[in-house]
1. Can you name the condition, by its number, that residue 255 falls short on among (1) more than 22 Å from residue 127 (Cα to Cα); (2) at pLDDT below 95; (3) surrounded by 15 or more Cβ atoms within 10 Å (Cβ to Cβ)?
2. Just checking, does the range 40-63 include any residue being free of Cβ contacts under 8 Å to residues at least 40 places away in the same chain and farther than 25 Å from residue 209 by Cα?
3. Might you check whether a residue that is in contact with a strand residue (DSSP E or B) (Cβ under 8 Å, 6 or more places away or on another chain) and farther than 17 Å from residue 338 by Cα occurs anywhere in the range 74-91?
4. Take residue 471 and decide whether it is within 21 Å of residue 408 (Cα to Cα), surrounded by 14 or more Cβ atoms within 10 Å (Cβ to Cβ) and either touching a helix residue (DSSP H, G or I) at 6+ places or on another chain (Cβ under 6 Å) or touching a residue at least 12 places away in the same chain (Cβ under 8 Å) (or both).
5. How about the range 1-27: which of its residues are part of a loop (DSSP other than H, G, I, E, B) and touching a helix residue (DSSP H, G or I) at 6+ places or on another chain (Cβ under 7 Å)?
6. Looking at the range 384-409, which of the residues that are in contact (Cβ under 8 Å) with a residue 24 or more places away in the chain and under 15 Å from residue 483 (Cβ atoms) is nearest to the chain's Cα centre (by Cα)?
7. Examine the range 405-425 for a residue that is touching a helix residue (DSSP H, G or I) at 6+ places or on another chain (Cβ under 8 Å), part of a loop (DSSP other than H, G, I, E, B), surrounded by fewer than 19 Cβ atoms within 10 Å (Cβ to Cβ) and modelled with pLDDT under 95, and state whether such a residue exists.
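The values are calculated or read from the model by the stated rules, or taken from the named source; none is laboratory data. All figures in this text were calculated on a predicted structure; none of them were measured in a lab. Please note: Cβ atoms are built from the backbone with ideal geometry, for glycine as well, and neighbour counts cover all protein chains shown.
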């Protein structure tokens, strides 16, 4: 019943976000033979989740399947699987026959879990990974307790799943390391050689992909990490992002209820059956692992400034924190706090929502799904036909398509300008890459100013204190200069374009451009691989004149 209600709530909020559309264009290029890229001929890793990209390519191999709807359905199924694994793992951990939902109530009633259970993004995959990895860890504990044999006796599945963590999402490696540490505690009695063998199993896929990433894309991380400067600290913005989630849904009350449930479990531990001799410490390690992982994930998200989408980036941390108490033994000591949590859940389900809709909320946080629902006047925007109602992008695509040769379409002063360009393909510049990439043909180059698919922006410095995830606001002269536009541009002075043109001739910048634009030969792969560390850290000023002066151009 729990999973059925969760499925209905997620399905009622089905949609594909702008960022989800970015993933889908990459998948289309992959299926078209252009490689895992957003723009054909430019090796840029636009998607944070490697595994999500390749998972979506599987249904794309079937003729007639809509990738957009495949993303919706797959996200929904993975979200359900994650919650299902989590509930069963908690039941097994507590060795309970009769159970009460506790943490599962929090997951069930929080609207961000509904919104991002689909959305075309990897949130469902993260939920699935968290649930599955902890379920496998609990199964290893059951083997230690002597409660499971047969297929549960193999540790290889957990090693494989742990190794996939950074491919699900790079920051999920924090959770992967915690699960791995608990895994070692459970397996240490079997000897060092066995642990090394399991470590090799876990490492082979992520290490192999990292070598591919460095040689193919020329970077240590996806381009999204450069665009959002994932190594920077923005504690103030992250704090506001955390408070936005906590205050909107009065999570203080849910936290109090869950804490009381946990205390009831600890104080009445013997009522669920005595732990086998010598396994109490192992049980504590397994129970604490997701809590530690959740705290680390939440701390990291807060440190980097959170996100611009309401609640989204904190969902993995919250889900992980709740794993040990998703369900609890049905005892009279747990009943009262569970009922209290149920009262909060009913109030949250019916009444608690963000106070902002089509406009940005405090500190530039957006209710992303509602924004697009209102903008497009569509309750479930999923396909290109749904997004065709976008008030600006369709016009830019149409104007670019009407030009006789390769051109650059860019917005200035609220209107489109189209200029002949010295490029092999037409280029469309728009902030919302997903919508533009969905509506523009694959043979059109779509670029952004924040650097998700545009390394020229990604390697530039950002606007100090800018909106999180959007502070790499590249100035238009860079696009005009890179496209070879000359003469009157209509809204940018020629001197600014000349400065950008000079800045693009800087040796380090030219090498950066070559790393993703030059044909991928064996020598180019080697240069990308050996230069990935230095290239990842390379930055130049956002102001073109300053960038040109810095390298003496």
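1. (1)
2. Looking only at the range 40-63, we keep the residues that are free of Cβ contacts under 8 Å to residues at least 40 places away in the same chain, and these are 53-54, 56-63.
Filter again for farther than 25 Å from residue 209 by Cα, leaving 62-63.
Yes: one or more hits.
3. Of all residues in the range 74-91, those in contact with a strand residue (DSSP E or B) (Cβ under 8 Å, 6 or more places away or on another chain) come to 75, 87, 90-91.
From what is left, the residues that are farther than 17 Å from residue 338 by Cα are 75.
Yes: the range 74-91 contains one or more residues that are in contact with a strand residue (DSSP E or B) (Cβ under 8 Å, 6 or more places away or on another chain) and farther than 17 Å from residue 338 by Cα.
4. So residue 471 fails the test.
5. 13, 14, 15, 17
6. 396
7. Initial filter on the range 405-425 (touching a helix residue (DSSP H, G or I) at 6+ places or on another chain (Cβ under 8 Å)): 407-412, 416, 418-419.
Those left that are additionally part of a loop (DSSP other than H, G, I, E, B): none.
Looking through the range 405-425, none of the residues is touching a helix residue (DSSP H, G or I) at 6+ places or on another chain (Cβ under 8 Å), part of a loop (DSSP other than H, G, I, E, B), surrounded by fewer than 19 Cβ atoms within 10 Å (Cβ to Cβ) and modelled with pLDDT under 95.
Quick grid of which residues meet (1) assigned by TED's automatic domain parsing to the domain that holds residue 435; (2) over 19 Å from residue 177 (Cα atoms); (3) part of a strand (DSSP E or B):
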| residue | (1), (2), (3) |
| --- | --- |
| 291 | no, no, no |
| 328 | no, yes, yes |
| 340 | no, yes, no |
| 356 | no, yes, no |
| 390 | yes, yes, no |
